[in-house]
Amino acid sequence: MMFRVLAVWTLLLLWAGTAATAQVCPSDCFGPTSCFRVYDASGQPLDIPGQTRTVLCAGATIRLRDCSGQNYNPANVRYALDCLAVPDTSTTRTVPPLPPGQTTGQLIIKQATLNPTPGPPCGSGQQFSRLFEVRTRPTPTFTFAYCGSTRSQVYVSLTNAQANIRYEVQVGSGPRQAVTNPAGAVYTAAPGATTITVFGNYTDARLCEGSTSLNYPAQPAPVVPLLPRLQVQGNDLLLSFGPLQSEYRYVLEQDAGSGFQRLADIPATASSYTVPGGALTSCYRLRLTDACGVLSLPSAPLCPVDLQVSSANRQNRLSWTQRAGSPVADYQVLRNDQPLATVAAAQREYLDQAVTCGVTYRYRVVARSPGATSESVERSVQTVANQAPPAPLLTASFRVDGAVEINPATPLTDPDSRLLVRRRLGTAAVDVPVPAQLPVVDQPGEVSPERVPCYAARLSDPCGNVSTEGASACPPVLAALALDRDGNQIGLTWTEPQGQGSGWTYQLLLLDAEGREISRSAVSPGSFPVQAPVPPADRQVLRYRLAATSTAGLTVFSNVASITRQLVFAIPTAFTPNGDGLNDVLEIKGRFLKSFSFTLFDRSGLVVFRATERSQTWDGRIRGVEAAPQVFPFQFETTDETGRRIVQRGTVTLLR
């Protein structure tokens, strides 16, 4: 033991003797015994044998001790912290702080002692100076990450590690653990620890330690991550994430058929990630892990939907593939960003027939599963047709005004298709103008059971295809004939509707002058002519219309067939107002006579009686006085139901 002490002492003397040969301050004058050492406040030496310059910590308390071996009186040993200051006898000093922003500097400490051998060159006193390096205490900066869910380990990464500093990690009150990999390593965590402290010490300095502590709060329970959305965007894939926990790490993984492999690390602050050129045949998932690789909580996988579209025969076909791997409840088909259909999870095709030829449509398919969707890229296709549309069928029915209304028997599936309608009547065939909005209305002119208008159509689609001509549709045509002179018996003949159905039943409608229905009765074709029900006695013009209904429920109407019966009226040529009860008044009689004007004049041309309805009669008095027997001129005027004006003039003789 004594030998070891002597050996160390000898080394210190040798070092001191070597250092003593260097002059620091201009006033230095020293002999072979000039020597002092530096210690910390607890007495630990700060000088390192073999190191040419001692490192001191800024702001640290140091103690200075003479090592000349001369046993000087302390009052005769003085120190100063520069070359010029007046030395004093204090041996406990504080290392001055460095200027702001400076981490290293220099400090001169000067010792003044008696000269044990007074004389040249120092006279009676010696001055000995040493140059020290001053550094600020290390200030480690670091981050940490939780490991597992039991807090038995923690991952620590230093962010400002320096090669000349040795570091240690202490978690809570646990032992200090040497830092082996400043970039990141796993350390044992003491149970119940609430802080993490990293210590730093210079490798070439003694007792110049710095530290930094961070709170180490209890970590939240790890939650299985969510991968709620996957979108194919061109050649890339965009994956969206649910909220991520900053205490953990996340890895995006890809399964191309041989199991999930790491694709990218995902920051906990991320809400999405783009996979350039992402494979449509792979599946993807987001896995929660930790810095130590203890935890592994993967999300449900999502697999891209690969959509293809094509068009033919005025219908668009969608087909898609999706690798098995993610649960699929169903597929939603979107057209022009609007939901179009929902199909079963096992289905991989959809046929869109509600499209217009020549129009371009945009499609997407979305695979839906609980809490997640996988969207295909949007693809466009123009609807085309290389086949002519089917020949259209028509319905044709007369309106009350005599026009024929033509409609497609079934709605046109393509609203931009155009009907080309042709009418055949007798030997003539003409094209009927078709308006932009249906129905088509045609004025065929005079018709009869021998001249029935029939209509047929072709269909032209926006792709330029024209169908063949469909079957002709002919409305029923009705004819009416009076079977007796007075028109009290009416015979009817009609044609059956053609090209619109079968199993027809008929109703005969009687209309007024405005086309309103007065009565309705069932009629059967039988043998023509079919006798109509007895007509009303007060109707001069009988207007008949036939309603034909097929077994399929289609009702079409015939033209209006009219019978005009003769208007009859009678004006007496004489009357005898003598009170015998016979022919005592002058009155107008007639059939279908609804309104008229009857005016009776005297010989001077003055009006003696006027009547406008049949209830008005004349008793032969003029202003209350019986007129003398004479002849009175009259004028009668009426208009029948057809609008024909009838005027009659004559005389009436009054007899007594």
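The values are calculated or read from the model by the stated rules, or taken from the named source; none is laboratory data. Worth saying up front: this structure is predicted, and the values here are computed from it rather than measured. Neighbour counts run over all protein chains shown; Cβ positions are idealised from the backbone, glycine included. Ligands, DNA and RNA are excluded from the accessible area calculation, which covers all protein heavy atoms including side chains. Shrake-Rupley method; radii C 1.70, N 1.55, O 1.52, S 1.80 Å.
Taking each residue of region 528-553 that is part of a loop (DSSP other than H, G, I, E, B) and looking for partners that are β-branched (Val, Ile, Thr) and surrounded by fewer than 16 Cβ atoms within 10 Å (Cβ to Cβ) with beta-carbon atoms closer than 9 Å, six or more apart or interchain, yields 536/518; 539/518; 540/642; 550/505; 551/505. Could you please let me know if residue 182 is more than 50 Å from the chain's Cα centre (by Cα) and either at pLDDT 95 or above or open to solvent by 70 Å² or more (accessible area, probe 1.4 Å) (or both)? So residue 182 fails the test. Scan region 584-632 residue by residue and report those that are open to solvent by 50 Å² or more (accessible area, probe 1.4 Å) and among the small types (Gly, Ala, Ser). Hits for region 584-632 are 595, 604, 615, 624, 628.
Scanning region 268-296 for residues that are farther than 26 Å from residue 376 by Cβ and either in contact with a His (Cβ under 7 Å, 6 or more places away or on another chain) or exposed (fewer than 12 other Cβ atoms within 10 Å of the Cβ) (or both) gives 269, 296. Among residues of region 152-181 that are touching a residue at least 40 places away in the same chain (Cβ under 8 Å), those with a beta-carbon under 9 Å from a residue that is of a type in the set (D, E, K, R) at least six positions away or on a different chain give the pairs 153/290; 155/290; 164/204. Residue 352 - would you say it is open to solvent by less than 10 Å² (accessible area, probe 1.4 Å), at pLDDT 90 or above and more than 23 Å from residue 238 (Cβ to Cβ)? So residue 352 fits the description; yes. Residues that are closer than 22 Å to residue 549 by Cβ, more than 43 Å from the chain's Cα centre (by Cα) and open to solvent by less than 40 Å² (accessible area, probe 1.4 Å) do not occur anywhere in region 405-421.
If you filter region 616-656 down to residues that are β-branched (Val, Ile, Thr), under 18 Å from residue 566 (Cβ atoms) and part of a strand (DSSP E or B), you find that the one that is modelled with the lowest pLDDT is 639.
Which one of these is open to solvent by 50 Å² or more (accessible area, probe 1.4 Å) and modelled with pLDDT of 95 or more: 168, 133? 168 is the lone residue from the list that is open to solvent by 50 Å² or more (accessible area, probe 1.4 Å) and modelled with pLDDT of 95 or more.
Of the residues making up region 422-458, those that are touching a residue at least 40 places away in the same chain (Cβ under 8 Å), within 17 Å of residue 471 (Cβ to Cβ) and open to solvent by 20 Å² or more (accessible area, probe 1.4 Å) are 422, 424, 452, 454, 458. Against the criterion of being open to solvent by 20 Å² or more (accessible area, probe 1.4 Å), over 30 Å from residue 492 (Cα atoms) and touching a Pro at 6+ places or on another chain (Cβ under 8 Å), residue 580 does not qualify.
For region 311-345, taking the residues that are in contact (Cβ under 8 Å) with a residue 60 or more places away in the chain and closer than 15 Å to residue 379 by Cα, the one that is most open to solvent (accessible area, probe 1.4 Å) is identified as 311.
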